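For reference, the structure discussed in these notes is given below.
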Amino acid sequence: MLQVSQAAGGVQRHVIDIVSNIDKDRFDITGVCPPRDLVKGVSRDKESFCAAFERIGVRVHPLKMRREIRPISDLAAFIRLYLFIKKQRFDVVHAHSSKAGFIARIAARIAGVPAIVYTPNNFTFDRPGRMTAKRRFFALLERFAGLFCDKVMAVCGDEKDLAARLGVLPAKKIAVISNVIDTSRLNFNVDMAAKREELGIGLEERLVVSVGRVAEQKSPKDFILAAERVLGKNKNTRFLFLGDGPLLYKARSLVEKKGLQGYIRLPGWRNDAAEVIAASDLFVLSSLWEVLPNHSLLDAMALGKPAIITATSGAREVVFDGVNGYVVPVGRPDLLADFILHLLELPLNQLQEFGRRSKEMFKERPGPREIARIIENTYLEILTGKKILI
């Protein structure tokens, strides 16, 4: 079996959490991914996709793939991947994210792979606003690539419905298989006082945290603008946006321009992000587009934190207004600020009740092993339907 992915971040976590739980006695797994993240502003200290595959005992074949469309380099990646698949004669190819999904599905089918599966982790055309020519073009590419695969695994109902509604894929070809996280890596006994002291944040101060790539998708600008509005009414709040990415320095400059360095910080990528979430009062996602459940959001829920997130695909499958947080319209930092203030002004026991509900809702979700079994069965059903025995 071959697992192919180009994207890092949440996609990397999803792939690693699933693959590490696939039955290695039944499936011999190889991974294909870029040798390192090629996006400007990404920390060199962060674990690469290749290193992550190796850590869980998966053979890895590095292949240079970029996020953006580059016809010449994309064609070169396609040829190299096709030759590799043809030589290795895989029974299953599972592609993750748009770029790898497009290249790998076509290469695998031409190479004669019996079972081809694709997890978009957010279709490229799933963006806010009207259906532009660019989005229609990406939808057309997905429709074409859909001819070369047997099953698409959407991570939420909204993602499936959008693809079916636009005619990208027939609904019967799409299964909804949720994102998961491996909670064994989470520290549920974080010393909040020690972690806050390390961060330079007092126990009496309220801490609002967001985690994600500092890129257009996550809209760090909206996070900063919302924080500014909150601070206009409550100076006892501190904001942290953890992550790296191409807009990191631009976002820091915006904070400096507003003179809010003491209140809003973007420290870059940290390997203790989950511990920082555990030491916070509230988790926020200001994304312009997303396909939830987002992994950092699931971390926050598992750690018992209330959440305020934007109304992206799948948002209302995990956050319910007035129950474990609030969902606000995309691109409305003013409303984001209003709900942050609302929650932070609640008595502590009421805020903690929001977090308790988050934790209970997370516990009802399937874990990595359960999802891995579902995915394995999907592979086997495709192979059995084609009379391939493994």
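The values are calculated or read from the model by the stated rules, or taken from the named source; none is laboratory data. Given the structure is predicted, the values throughout are model-derived calculations rather than measurements. Cβ: placed from backbone, ideal geometry, glycine included. Neighbour counts: every protein chain shown.
When you check residue 259 against the structure, is it out of contact with any Gly (no Cβ under 6 Å at 6 or more places or on another chain) and on the phi > 0 side of the Ramachandran plot, yes or no?
Values: out of contact with any Gly (no Cβ under 6 Å at 6 or more places or on another chain): yes; on the phi > 0 side of the Ramachandran plot: yes.
Against the criterion (out of contact with any Gly (no Cβ under 6 Å at 6 or more places or on another chain) and on the phi > 0 side of the Ramachandran plot), residue 259 qualifies.
Give me the pairs, please: first residue somewhere in segment 256-283 and assigned to a helix (DSSP H, G or I), second residue anywhere and among the charged types (D, E, K, R), beta-carbon distance under 6 Å, and either six or more positions apart or on two chains.
Sorted first by the residue in segment 256-283, then by its partner, the pairs are 274/299; 275/195; 277/299.
In segment 189-199, is there at least one residue being without any contact (Cβ under 8 Å) to a residue 24 or more places away in the chain, assigned to a loop (DSSP other than H, G, I, E, B) and on the phi > 0 side of the Ramachandran plot?
First, the residues of segment 189-199 that are without any contact (Cβ under 8 Å) to a residue 24 or more places away in the chain: 189, 191, 193-194, 197-198.
Filter again for assigned to a loop (DSSP other than H, G, I, E, B), leaving 189, 191.
If we keep only those that are on the phi > 0 side of the Ramachandran plot too, we end up with none.
The answer is no, given that none of the residues of segment 189-199 is without any contact (Cβ under 8 Å) to a residue 24 or more places away in the chain, assigned to a loop (DSSP other than H, G, I, E, B) and on the phi > 0 side of the Ramachandran plot.
Which residue is surrounded by the fewest Cβ atoms within 10 Å (Cβ to Cβ), if the candidates are limited to segment 115-133 and must be closer than 16 Å to residue 152 by Cα and β-branched (Val, Ile, Thr)? I'd like the intermediate steps shown before the answer.
In the first step, residues of segment 115-133 are kept if they are closer than 16 Å to residue 152 by Cα; the result is 115-126.
Cutting the leftovers down to β-branched (Val, Ile, Thr) gives us 116-117, 119, 124.
Numbers: 116: 24, 117: 25, 119: 27, 124: 20.
Filtering segment 115-133 for residues that are closer than 16 Å to residue 152 by Cα and β-branched (Val, Ile, Thr), the one surrounded by the fewest Cβ atoms within 10 Å (Cβ to Cβ) comes out as 124.
Being under 22 Å from residue 279 (Cβ atoms) and basic (Lys, Arg) is the filter here, so list the residues in segment 192-233 that pass it. Don't jump to the end; show me each part of the working.
First, pick out the residues of segment 192-233 that are under 22 Å from residue 279 (Cβ atoms): 192-214, 218, 220, 223-224, 226-227, 230-231.
Correct list: 195, 196, 206, 213, 218.
Taking the options 330, 318, name whichever one is over 16 Å from residue 210 (Cα atoms), crowded, with 17+ Cβ neighbours inside 10 Å and touching a strand residue (DSSP E or B) at 6+ places or on another chain (Cβ under 9 Å). Can you show your working first?
Details: 330 fails: over 16 Å from residue 210 (Cα atoms).
Only one candidate qualifies: 318.
Here are some conditions: (1) surrounded by fewer than 23 Cβ atoms within 10 Å (Cβ to Cβ); (2) in contact with a Gly (Cβ under 8 Å, 6 or more places away or on another chain); (3) not in a helix (DSSP H, G or I). Residue 179 meets all but one. Which one does it not meet?
All conditions are met except number (1).
Residue 136 - would you say it is in a helix (DSSP H, G or I), surrounded by fewer than 20 Cβ atoms within 10 Å (Cβ to Cβ) and in contact with a Gly (Cβ under 8 Å, 6 or more places away or on another chain)?
Values: in a helix (DSSP H, G or I): yes; surrounded by fewer than 20 Cβ atoms within 10 Å (Cβ to Cβ): yes; in contact with a Gly (Cβ under 8 Å, 6 or more places away or on another chain): no.
So residue 136 fails the test.
Take residue 253 and decide whether it is touching a strand residue (DSSP E or B) at 6+ places or on another chain (Cβ under 7 Å) and not assigned by TED's automatic domain parsing to the domain that holds residue 120.
Against the criterion (touching a strand residue (DSSP E or B) at 6+ places or on another chain (Cβ under 7 Å) and not assigned by TED's automatic domain parsing to the domain that holds residue 120), residue 253 does not qualify.
Could you list, in sequence order, all residues of segment 146-170 that are farther than 15 Å from residue 97 by Cα and in a loop (DSSP other than H, G, I, E, B)?
Hits for segment 146-170 are 147, 148, 150, 166, 167, 168, 169, 170.
Residue 217 passes all but one of (1) outside any loop (DSSP other than H, G, I, E, B); (2) buried (at least 22 other Cβ atoms within 10 Å of the Cβ); (3) not small (Gly, Ala, Ser); which number fails?
(2)
Scanning for something in a strand (DSSP E or B), touching a helix residue (DSSP H, G or I) at 6+ places or on another chain (Cβ under 6 Å) and closer than 19 Å to residue 325 by Cα, does segment 240-247 turn up at least one residue? Write out each step before concluding.
First pass over segment 240-247, keeping only residues in a strand (DSSP E or B): 240-242.
Now narrow it down to the ones that are touching a helix residue (DSSP H, G or I) at 6+ places or on another chain (Cβ under 6 Å): 241-242.
Still in the running and closer than 19 Å to residue 325 by Cα: 241.
Among the residues of segment 240-247, at least one is in a strand (DSSP E or B), touching a helix residue (DSSP H, G or I) at 6+ places or on another chain (Cβ under 6 Å) and closer than 19 Å to residue 325 by Cα, which makes the answer yes.
Could you list all residues from segment 165-188 that are among the charged types (D, E, K, R) and either in contact with a Pro (Cβ under 7 Å, 6 or more places away or on another chain) or free of Cβ contacts under 8 Å to residues at least 24 places away in the same chain (or both)?
If the condition is that a residue be among the charged types (D, E, K, R) and either in contact with a Pro (Cβ under 7 Å, 6 or more places away or on another chain) or free of Cβ contacts under 8 Å to residues at least 24 places away in the same chain (or both), then 165, 172, 182 are the ones that fit.
When residue 112 is evaluated against the numbered criteria (1) surrounded by fewer than 22 Cβ atoms within 10 Å (Cβ to Cβ); (2) modelled with pLDDT of 90 or more; (3) within 19 Å of the chain's Cα centre (by Cα), which criterion, by number, is the only one it fails?
(3)
Inside segment 262-286, can you point out the residues that are within 17 Å of residue 247 (Cβ to Cβ) and more than 17 Å from the chain's Cα centre (by Cα)?
Passing the criteria: 264, 265, 266, 267, 268.
Residue 150 - would you say it is closer than 29 Å to residue 63 by Cα, in contact (Cβ under 8 Å) with a residue 24 or more places away in the chain and acidic (Asp, Glu)? I'd like the intermediate steps shown before the answer.
Details: closer than 29 Å to residue 63 by Cα: yes; in contact (Cβ under 8 Å) with a residue 24 or more places away in the chain: yes; acidic (Asp, Glu): yes.
For residue 150, the condition - closer than 29 Å to residue 63 by Cα, in contact (Cβ under 8 Å) with a residue 24 or more places away in the chain and acidic (Asp, Glu) - is met.
Collect the residues in segment 147-161 that are more than 29 Å from residue 359 (Cα to Cα) and touching a strand residue (DSSP E or B) at 6+ places or on another chain (Cβ under 7 Å), keeping them in residue-number order.
Passing the criteria: 148, 149, 150, 151, 152.
Determine which single condition residue 305 fails, assuming it passes every other condition in (1) among the charged types (D, E, K, R); (2) part of a helix (DSSP H, G or I); (3) modelled with pLDDT of 95 or more.
(2)
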